[in-house]
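> Submitted below is the structure of interest, expressed as structure tokens.
The values are calculated or read from the model by the stated rules, or taken from the named source; none is laboratory data. What you see is a predicted model; the values in this text were computed from it and never measured. Quick reminder, even Gly has a Cβ in these numbers, built from the backbone with ideal geometry, and neighbours come from all protein chains shown. Ligands, DNA and RNA are excluded from the accessible area calculation, which covers all protein heavy atoms including side chains. Shrake-Rupley method; radii C 1.70, N 1.55, O 1.52, S 1.80 Å.
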Amino acid sequence: MTDQASRLRAMARQQVPEATLFSSRVMAITSGKGGVGKTNVVAGLAMSLAQMGQRVAVLDADFGLANLDILLGLSPTHTLEHVLRGEKVLEEIILDGPMGIRVIPASSGIQELTRLDTSAELRLIQGLQRVSETTDWMLIDTAAGIHDSVIKLLLAAQEVLLVTTPEPTSLVDAYAMVKVIHLRDPQKPIWLLINNAQSEDEAEETIEQLQAATRRFLDRELKVLGMVPADACLLQSVREQRGVVERFPRSPSTLAFRQIADQLKKKVPLQKDGFASFWKQLSLGES
Ligand SMILES: Nc1ncnc2c1ncn2[C@@H]1O[C@H](COP(=O)(O)OP(=O)(O)OP(=O)(O)O)[C@@H](O)[C@H]1O
Ligand SMILES: [Mg+2]
């Protein structure tokens, strides 16, 4: 980092007095294997939190196939890349989703975050600080798997939510993901969510299997959030490009999302200056 870069960063932070640094919670949603339901979990939890009166922003950081926008019936015209290039300010690319959820399309641009020039960095931190003033939660939808840029996002976030299905392949890849995070940051809170389970028993068995492995080989416990059942209503809502929480308010998956959102609100601590510290970790790779 150059002297000029650190000076500009310090300036950017100074422009926001300590008293106005807002508390928020930054949670990255991940999985070892792809296709296990991350994006649906992000949408389901975002909507449930919104229904509870929380202000939610979603960072769509899946640089593979970004499909959160499709899932929510949104059409982004610009992405984070335009902000970094100085063509747009952050507020101009943010999409208004259902139930007041704001979506930041970052599927292109997110990989460049770790090698920004100082003026791009300044634009981004100032934008994020403005957004954080009106946000209680930032949920980050990531690409699956152990790619370096995904791991950087996970390590920068305050909390990690790991999604797995009961399938053995998904479970093995979930363990691999826990191991990678744990080796880089043993203190990082990792929450476990079992998706697409056929029954409570199946979900509990899956949780126990994963916990047994992490206890034995990593000497750690995962924080268990709960399960979302396999639900035909969720499938139908995906087809209709509507969030299941909105489309089928009484479906089994909606009820599960509501319960899990409630747990999150009770258990995840507020982080002072959560947005800015996420950015700082990401850009400096401090983890
Ligand atoms: N609880 C569920 N009940 C029924 N089907 C589900 C459930 N969760 C996910 N699915 C199915 O799995 C598909 C993939 O879900 P989703 O796109 O959320 O996964 P993902 O982990 O984000 O995938 P990717 O790794 O490609 O980003 C959904 O389109 C849906 O068909
Ligand atoms: Mg996805």
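For every residue, the table says whether it meets (1) surrounded by fewer than 18 Cβ atoms within 10 Å (Cβ to Cβ); (2) farther than 17 Å from Val26 by Cβ; (3) free of Cβ contacts under 8 Å to residues at least 60 places away in the same chain.
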| site | (1), (2), (3) |
| --- | --- |
| Ala176 | yes, yes, no |
| Ile194 | no, yes, yes |
| Gln211 | yes, yes, yes |
| Lys266 | yes, yes, yes |
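> What tally of residues in segment 52-84 results from selecting those that are within 16 Å of ligand 2 (Cβ to nearest atom), of a type outside the set (D, E, K, R) and within 15 Å of Gly243 (Cβ to Cβ)?
8
> If Ser48 meets every condition in (1) under 20 Å from Arg247 (Cα atoms); (2) within 16 Å of ligand 2 (Cβ to nearest atom); (3) in contact with a helix residue (DSSP H, G or I) (Cβ under 7 Å, 6 or more places away or on another chain) apart from one, which number is that one?
If we test Ser48 against (1) under 20 Å from Arg247 (Cα atoms); (2) within 16 Å of ligand 2 (Cβ to nearest atom); (3) in contact with a helix residue (DSSP H, G or I) (Cβ under 7 Å, 6 or more places away or on another chain), just (2) comes out false.
> Can I ask one more? For Asp185, work out the one condition from (1) open to solvent by less than 30 Å² (accessible area, probe 1.4 Å); (2) within 19 Å of Ser277 (Cβ to Cβ) it doesn't fulfil.
(1) is the only condition that Asp185 fails.
> Can you tell me which residue is nearest to Val103 (Cα to Cα) among those in segment 126-156 that are within 16 Å of ligand 2 (Cβ to nearest atom) and in a helix (DSSP H, G or I)?
Among those that are within 16 Å of ligand 2 (Cβ to nearest atom) and in a helix (DSSP H, G or I), it is Leu153.
> Shifting gears a bit: Using the structure shown, decide if Thr169 is surrounded by fewer than 23 Cβ atoms within 10 Å (Cβ to Cβ), within 30 Å of Gln211 (Cα to Cα) and more than 14 Å from the chain's Cα centre (by Cα).
yes
> Next question, about the same structure. Being surrounded by fewer than 23 Cβ atoms within 10 Å (Cβ to Cβ), within 12 Å of ligand 1 (Cβ to nearest atom) and more than 24 Å from Pro249 (Cα to Cα) is the filter here, so list the residues in segment 22-71 that pass it.
Lys33, Gly34, Phe63, Gly64, Leu65, Ala66
> Just the residues that are modelled with pLDDT of 85 or more and of a type in the set (A, V, I, L, M, F, W, C), please, taken from segment 124-143.
Of everything in segment 124-143, those that are modelled with pLDDT of 85 or more and of a type in the set (A, V, I, L, M, F, W, C) turn out to be Trp137, Met138, Leu139, Ile140, Ala143.
> Here is a follow-up. Given the residues Leu95, Leu153, which is the only one that is open to solvent by less than 40 Å² (accessible area, probe 1.4 Å) and modelled with pLDDT under 90?
Sole residue among the options that is open to solvent by less than 40 Å² (accessible area, probe 1.4 Å) and modelled with pLDDT under 90: Leu153.
> I need the full set of residues from segment 235-252 which are under 15 Å from Ala46 (Cα atoms) and within 16 Å of ligand 2 (Cβ to nearest atom), in order please.
Gly243, Val244
> Report those helices (runs of 4 or more DSSP H) wholly inside segment 34-109 carrying at least 2 residues which are closer than 23 Å to Leu282 by Cα.
38-51, 80-84, 90-93
> Hey, can you tell me all the residues within segment 2-55 that are modelled with pLDDT under 95 and at positive phi?
Residue satisfying the conditions is Gly35 alone.
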